[in-house]
């Protein structure tokens, strides 16, 4: 019965017992984390999203140039991919070919063409434009750049004004993700208030709130957002527009979560522990916050994560049609404004790179949401 | 059934009344009122200097100086009693004229999209549930993730690009240039049908992805029921069995979310219409917002919401007919 390889059976049993003890005594959150860790796709998605957030937070350091810096020598330029070898041999440090300006033989417009005989080497932690990382650490060091300060490296090409697509995408990542976070936070607070009141009070109050929720849910959401966004005065500063946008997105994002909170509250309203708290003289706010909410916090978190993609997609869609954030603010949607026609796919397809970020971010949030939902469900494993 | 229908109708009226208040508030939000914009539009560039008194005169002419509550009742009264949605300022005509047969085009797009959605998602959902764990099933799961993640305007651009490459230039929009302003005829109708597939595919994309998953999930549950095992034991042919027991019940969640799908389609419509150059309500709505032509925008928003509420009503009735228990519960 006992196999020889384990040696002492007592030790094996002891280990097993320890493991089980650890499992039984683990807190709810530890259990959720353990289950989530096993969800490989969600872990990958989490890592990708974490990286994206880092790129956004440290945009000033990661991006070699500012979001509005123009390179008039390289307009509508194709991505410059660093290489190790060319016709003249190989080198240990990556390099790109220098750019020289020529006249188009037909249209006589100035066009920039790579000069295969001129090498410019890529340098890491190169010095460049002065910026403030996180808004307060002044530095001239960027993650990468060129050894020659006069030339510029455009990893993902440039747009029609010669602005670096890579740098702009980094800054846009910050804007788009942060607008998602703020929007979700605002709708979370609203959902907590509205759903909390409806679910705790019940009766007539609940009926009225349910009616209003129904109305908000039945109007198509993007046209509704558009109506509010269109009303933003033209003379508002970019900061005002930014915060107005988060407010608009948050203002109508609450119905789903509010319904969830309401139905959960209604279902545990007459549980013994709630009645006990009420008899002990606790106020409604305390009963909801201290006694009722903790029993379904994990569901709320799942719902919040799942609502992220909608915020990001809404912001992108609004900015895309010119009703959301406005230049010089850069967000994924603002960047994609330049990629509105089939002509762009044919001539400057690299302007679509921000769209890849949108797709990846939305996918990542959805996968994490699914992983969290499975992990938060106490019946998802039979142990 | 009559009682059930009347109850739902009453609910519909209440919802629409509340929606109209909300839409009116949205119409009122933009700074400056119509009189300012009207004066600006009429006199800008003409060299005539407009005084505060001129604007006030326009304002009282248009009845804009009345309190908001009165203006709301003027507006909604005109719509309900006379079918008059007010003035479209940018077009200098009535809203009804501007909207015109664009409403029918929008309805056409909606119905085509819905048909396409259910014609794909129901059979594919059943197939995925029957072949759970197969390569096709996994492929469909990945597709359903992309259904949400791929922004519709991007999908529209990609499809437009390939359509142009394969079928020639005249594929965007709803009509060929030949029929654009022509009166309705059989030729024009056929031309519309040929152009309708592209917006329908783009708009159906996310709805299909979502409904396949719904159909697959409920179908998987229903397949485990004893009634299915019993029918199989009796020797009912597999195809007939699937349709008669599990599919018959699994269709309910789809029917109950018709309103949701309409909502989703209308939500995406303005942006898809802008990219594809569809000359219908979604595109007009976007234009009206950009021009701050709020009577047009309000009318369209109200109309779209009305269609959604109506489709909710239809889905309620359908569901009650499919599953009589619902009627009793109500």
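Annotations for the structure displayed:
- Contact map, segment B:29-41: first residue within 18 Å of residue A:228 (Cα to Cα) and within 13 Å of chain A (Cβ to nearest Cβ), second residue part of a helix (DSSP H, G or I) and modelled with pLDDT of 70 or more, Cβ cut-off under 8 Å, separation 6 or more or different chains; pairs are B:29/A:227; B:29/A:228; B:30/A:230; B:30/B:294; B:33/B:59.
- Residues (closer than 19 Å to residue B:164 by Cα and buried (at least 24 other Cβ atoms within 10 Å of the Cβ)) located in segment B:273-291: B:273, B:275, B:276, B:278
- Boolean, residue B:103 is part of a helix (DSSP H, G or I) and either free of Cβ contacts under 8 Å to residues at least 12 places away in the same chain or over 23 Å from residue B:276 (Cα atoms) (or both): no
- Test result for residue B:236, modelled with pLDDT of 85 or more, more than 14 Å from chain A (Cβ to nearest Cβ) and assigned to a loop (DSSP other than H, G, I, E, B): yes
- Within segment A:270-283, the residues that satisfy the criterion of being surrounded by fewer than 13 Cβ atoms within 10 Å (Cβ to Cβ) and either assigned to a helix (DSSP H, G or I) or in contact with a strand residue (DSSP E or B) (Cβ under 8 Å, 6 or more places away or on another chain) (or both) are A:272, A:273, A:275, A:276, A:279.
- Any hit, segment B:190-197, residues being in contact (Cβ under 8 Å) with a residue 24 or more places away in the chain and either more than 23 Å from the chain's Cα centre (by Cα) or over 21 Å from residue B:283 (Cβ atoms) (or both): no
- Among residues of segment B:254-271, those that are surrounded by fewer than 24 Cβ atoms within 10 Å (Cβ to Cβ) and more than 10 Å from chain A (Cβ to nearest Cβ), counted: 5
- Filtered residue count, segment A:327-349, keeping only those that are in contact with a helix residue (DSSP H, G or I) (Cβ under 7 Å, 6 or more places away or on another chain), surrounded by 19 or more Cβ atoms within 10 Å (Cβ to Cβ), modelled with pLDDT under 90 and more than 11 Å from chain B (Cβ to nearest Cβ): 2
- Residues (surrounded by fewer than 13 Cβ atoms within 10 Å (Cβ to Cβ) and within 10 Å of chain B (Cβ to nearest Cβ)) located in segment A:193-241: A:233, A:234, A:235
- Selection over segment B:186-209 of residues that are in contact with a helix residue (DSSP H, G or I) (Cβ under 6 Å, 6 or more places away or on another chain) and either at pLDDT below 85 or surrounded by fewer than 20 Cβ atoms within 10 Å (Cβ to Cβ) (or both) gives a count of 1.
- Among the candidates B:128, B:90, B:119, B:103, residue that is modelled with pLDDT of 85 or more and more than 27 Å from residue B:196 (Cα to Cα): B:128
- Residue check, residue B:202 under 32 Å from the mean Cα position of the chain (by Cα), within 23 Å of residue B:105 (Cβ to Cβ) and assigned by TED's automatic domain parsing to the domain that holds residue B:139: yes
- Meets criteria (within 27 Å of residue B:216 (Cβ to Cβ), away from chain A (no Cβ under 14 Å) and under 18 Å from the mean Cα position of the chain (by Cα)) for residue B:151: no
- Selection from segment A:294-324 of residues that are farther than 30 Å from residue B:156 by Cα and free of Cβ contacts under 8 Å to residues at least 40 places away in the same chain: A:294, A:295, A:296, A:297
- Yes/no for residue B:147 being buried (at least 16 other Cβ atoms within 10 Å of the Cβ), touching a helix residue (DSSP H, G or I) at 6+ places or on another chain (Cβ under 9 Å) and more than 24 Å from residue A:313 (Cβ to Cβ): no
- Yes/no for residue A:261 being crowded, with 18+ Cβ neighbours inside 10 Å and within 17 Å of residue A:196 (Cβ to Cβ): yes
- Checklist (1) at pLDDT 85 or above; (2) crowded, with 24+ Cβ neighbours inside 10 Å applied to residue B:294, failing item: (1)
- Given (1) assigned to a loop (DSSP other than H, G, I, E, B); (2) under 25 Å from residue B:17 (Cβ atoms); (3) without any contact (Cβ under 8 Å) to a residue 12 or more places away in the chain, number of the condition residue B:84 does not satisfy: (3)
- Residue A:287 vs. criteria in a helix (DSSP H, G or I), away from chain B (no Cβ under 14 Å), surrounded by 19 or more Cβ atoms within 10 Å (Cβ to Cβ) and in contact with a helix residue (DSSP H, G or I) (Cβ under 6 Å, 6 or more places away or on another chain): yes
The values are calculated or read from the model by the stated rules, or taken from the named source; none is laboratory data. Treat the numbers as computed from the prediction; the structure is a model and nothing was measured. Cβ: placed from backbone, ideal geometry, glycine included. Neighbour counts: every protein chain shown.
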